[in-house]
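Undergrad: Shown below is the structure under consideration.
The values are calculated or read from the model by the stated rules, or taken from the named source; none is laboratory data. Small disclaimer: the values here were computed from a predicted structure and weren't measured. Note: ideal-geometry Cβ built from the backbone for every residue, glycine included; neighbour counts use all protein chains shown. Surface areas here come from the heavy atoms of the whole protein model, side chains and all, with no ligands, DNA or RNA. Shrake-Rupley method; radii C 1.70, N 1.55, O 1.52, S 1.80 Å.
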Amino acid sequence: MRYSSHANMASALLLTMLNVSIIGCPMSMDILPCTCKMDIGSHVKNVQCTGLNSYNDVYTALHGHFGAHERVALKVLGSNLHDMPPGSFKKLNMSIVNLQLNHDNLEKVDTDVFEGLQGVTYFSLADNYIDQIPEHLWPHLPNAGTLDFGRTKIRELRESNFKALPHLTALIVPGCMITNIEKNSIPSEVQRLHLGRNSLTTLNGTIRNLSDLNWLFINDNDLTDLEDELPEGAQRLKMIHALNNKIEKLPRSLMTLPALETIFLQHNKLRSLDGCLSKSRRLQRVYLDNNMIDTLTEDDFKEAESLVHLLLGFNRITSLNNSLSGLRNLQFLNVTTNLMEEFSFEEIKGLEKLSAIDLSFNKISSIKGPPTNLIEWNIKLSDLKLDHNEIDSLNGSLSGLRELIRLNLSFNKLRKISPDDFMGLDKLSLLDLSHNYLKTLEEMSGTFLPKLEVLKASHNQLTILEKDFQGLPILCHADLANNNIIALGRELVSKTRCTLGNGANEGTWDTLKIYLQDNPILCDAALPEISAYMEINHTRIYGISHCPPLSEQPVTSKPNGFLGYIPETTATLTATSPKTIQLSKPLPLQESLDPLVTISNSTINDSIKLSKLASEIQQIKKRVEELATQIETKPEKHEDLGENRKP
């Protein structure tokens, strides 16, 4: 008892120190099916009732469990409140400051129901069936600062709707059926306005006087022009969300918004920027994807020195036109799916914070590096996407990108890699060369990539790998699927050892995994010997391939510098017979290069036995042919041959 008493005293003292009412929330069992959670910071009790059949259930659960002066945020969700009597919330005998009646099947609300709610500052009837702003309620809610009528049936905003609410600062009416906004319908005191997902074709000049506006949502409407619509010179406007409209031109008033930080204009019909963002010195994020922009100028972002993210994907841009030169804080640039035919690193010269560029899905055939080393240009890219372009040669243009970690060159027209192409890429961890026309990676052996862990070179025309990995000391994954590989050099992995580079096991050795899905080498009868040799060097081969019958498979006839059958002619080996050799479960190779099931010992042993059996059959066949030749040349000794033959 003494311990319990001390504990209670300590708890009371702690609550007193935190300036929290000792009363707190009622016991959970007392207010079921409602719940209560105390917000210590605001001293407000958050009460939520969900799925009740009537208002009477709300009254039964809550009445008598709260004091008249206890501040409560009451949410009644997903219930039926058709039976609300006059003074419904006054009878609960609590001081309601936040009232949300959402998904409660309300079509109309009577005035007297909300009697005594002078303390409410946040009022929501979202997700109900009301079809007009209930301005008849405002005498009972004179201090409402935030109104939420989202996803209701409201069709218009009238000039009289909010006249009686002098403290209104946030109006939220998204996802309604609004087609018309009367002039002066939105009070000039409003700071946050959400009109998104309606059917507006014009703002009708009604927000031009909102000089205190902080953020504006007008997304997913049918707006075509914002000229003379935005509050010109608004000192606090930080964000404009206007995606999914039909806006054809940026308004000049954007140049008068000194606090603008973020603008969303994706999925519109913009053709140019006309320098409208050139004065936005605090602008940090610009989203212009999916427009019709075909031209950028040097002045478009002239003074936007704070810009961090610039997204210009899915447009018709043919050139960056030196438009980025002043963006000293730019970190991410996305120009995917445009019409660029060349890219020059001079466009990003001096942009020290730029870490990622997405240039994929363009028509780039030429990449131009600087006449001097890229280091001197303060280019510190870590991610570069150049996939799905028309690049046939790199010409050393990427050498010197010492901070580059991931490089994607897949789906291009590369036919050859030179040692200079990746020189100086000391931090490169992932290199994707898949879906090109490479016949060899031999030149890579002259390039040292000390951090490369993942090499993707599937869907090329590779035939023989000799010393190609000797400049890749910690390679762990090599995806070489869907090539024409017939042989692996015995020194291919002699200088490579997969080493885990991060996590709890950093620095420990692992196994290099080579994926050879659908390559002729998997049909070599000596594959078990090849696999065993590779495993000695901590390397495993994975993949499946369709192969001809075992008796027709090539076999390496004599020791050489390679593992695998190399034909005397230059003809490419084909393997089109329906018979399949499987070195792993027939699972698709994941882009992340997740390991497949390894070759089992039983599979290797069975292959070795079959290989030996095939060899013995060939030897017997050869001996029989020799005997037949002897019989044909010396017929008079047939009897002697039969008599003297050893059993």
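Undergrad: Per Stokes-Einstein, at 10 °C and 1.306 mPa s, what whole-number D in µm² s⁻¹ belongs to the range 268-309, with the Kirkwood radius over Cα pairs as the hydrodynamic radius?
TA: Values: Rh = 10.6 Å.
D, rounded to a whole number, is 149 µm²/s.
Undergrad: Percent of accessible area on the range 124-206 owned by carbon and sulfur, 1.4 Å probe? Walk me through the numbers before you get to the answer.
TA: On the way: 1400 of 3160 Å².
Carbon and sulfur together cover 44 percent of it.
Undergrad: For the range 186-222, list residues with backbone N below 15 Å from a point placed 7 Å from the Cα of residue 158 toward its Cβ?
TA: 186
Undergrad: Report the full-extension gain for the segment residue 437 to residue 183: residue separation times 0.36 nm, less the Cα-Cα distance, to one decimal in nm. Show your work: numbers first, answer last.
TA: Working: separation 254, 0.36 × 254 = 91.44 nm, distance 6.31 nm.
Extra length from residue 437 to residue 183 when fully extended: 85.1 nm.
Undergrad: Then there's this: Taking one equal scatterer on every alpha-carbon of the range 217-363, how large is log10 of I(q)/I(0) by Debye at q = 0.11, 0.16, 0.19 1/Å?
TA: For the requested q values the scattering log ratios are -0.37, -0.81, -1.16.
Undergrad: Taking K and R as +1 and D and E as -1, what net charge do the other residues with C-beta under 11 Å from the C-beta of residue 404 add up to? Could the numbers behind the result be given before it?
TA: Details: positive: 380, 402, 406, 427, 451; negative: 383, 403, 426.
With Lys, Arg at +1 and Asp, Glu at -1, the net is +2.
Undergrad: Stretch residue 228-residue 322 to full length: gain in nm at 0.36 nm per residue minus the Cα-Cα span?
TA: Details: separation 94, 0.36 × 94 = 33.84 nm, distance 3.04 nm.
Separation in residues times 0.36 nm, less the Cα-Cα distance, equals 30.8 nm.
Undergrad: Determine the per residue accessible area of the range 353-441 with all protein chains present and a 1.4 angstrom probe, expressed in square angstrom. Don't jump to the answer; show the numbers that get you there.
TA: Values: 3670 Å² over 89 residues.
Normalised by residue count, the accessible surface of the range 353-441 is 41 Å².
Undergrad: Just to confirm my numbers, what's the Cα centroid distance between the range 519-535 and the range 101-153 in Å?
TA: Answer, in whole Å: 75.
Undergrad: Related question: Hey, any idea what the orientation-averaged projected area of the convex hull of the range 71-115's Cα atoms comes to, in nm²?
TA: Numbers: hull surface 11.9 nm².
Its Cα hull, projected and averaged over all orientations, spans 3.0 nm².
Undergrad: Another one. So what's the net charge close to residue 305: Lys and Arg +1, Asp and Glu -1, counting the other residues with Cβ under 10 Å from its Cβ?
TA: Computed value for this residue: +3.
Undergrad: In sequence order, what are the phi-derived ³J(HN,Hα) couplings for the range 466-482 according to the Karplus relation 6.51 cos²θ - 1.76 cosθ + 1.60 with θ = phi - 60°, rounded to whole Hz, with x for glycine and proline?
TA: 9, 10, 4, 9, 6, x, 10, x, 10, 4, 10, 9, 10, 8, 10, 5, 6
Undergrad: How big is the gap, in Å, between the Cα center of the range 225-253 and the Cα center of the range 22-80?
TA: Distance between centres, Cα-based: 42 Å.
Undergrad: Please compute the net charge surrounding residue 128, taking Lys and Arg as +1 and Asp and Glu as -1 over other residues with Cβ under 12 Å from its Cβ.
TA: -2
Undergrad: Past the 24 Å Cα-Cα mark, which pairs from 416/467; 427/513; 183/246; 349/385; 238/385? Write down the numbers at each step before the final one.
TA: Working: 416/467 16 Å; 427/513 21 Å; 183/246 22 Å; 349/385 18 Å; 238/385 31 Å.
Over 24 Å Cα-Cα: 238/385.
Undergrad: Further, regarding this structure: How many percent of the accessible area of the range 326-414 is carbon or sulfur, using a 1.4 Å probe? Walk me through the intermediate numbers first.
TA: On the way: 1600 of 3640 Å².
That share works out to 44 percent.
Undergrad: Would you grab the residues whose amide H sits under 5 Å from the one on residue 489? Only those 5+ places off in sequence or on another chain, please, with H modelled 1.01 Å from N.
TA: HN-HN under 5 Å from residue 489: 465, 466, 563.
Undergrad: For residue 420 and residue 332, compute 0.36 nm times the residue count separating them, minus their Cα-Cα distance, and round to one decimal in nm. Could the numbers behind the result be given before it?
TA: Numbers: separation 88, 0.36 × 88 = 31.68 nm, distance 2.67 nm.
Taking residue 420 through residue 332 to full extension adds about 29.0 nm, to one decimal.
Undergrad: Dividing the alpha-carbon Rg of the range 313-430 by 2.2 N^0.38 Å yields what? Walk me through the intermediate numbers first.
TA: Values: Rg = 13.1 Å, N = 118, 2.2 N^0.38 = 13.5 Å.
Normalised Cα radius of gyration, the range 313-430: 0.97.
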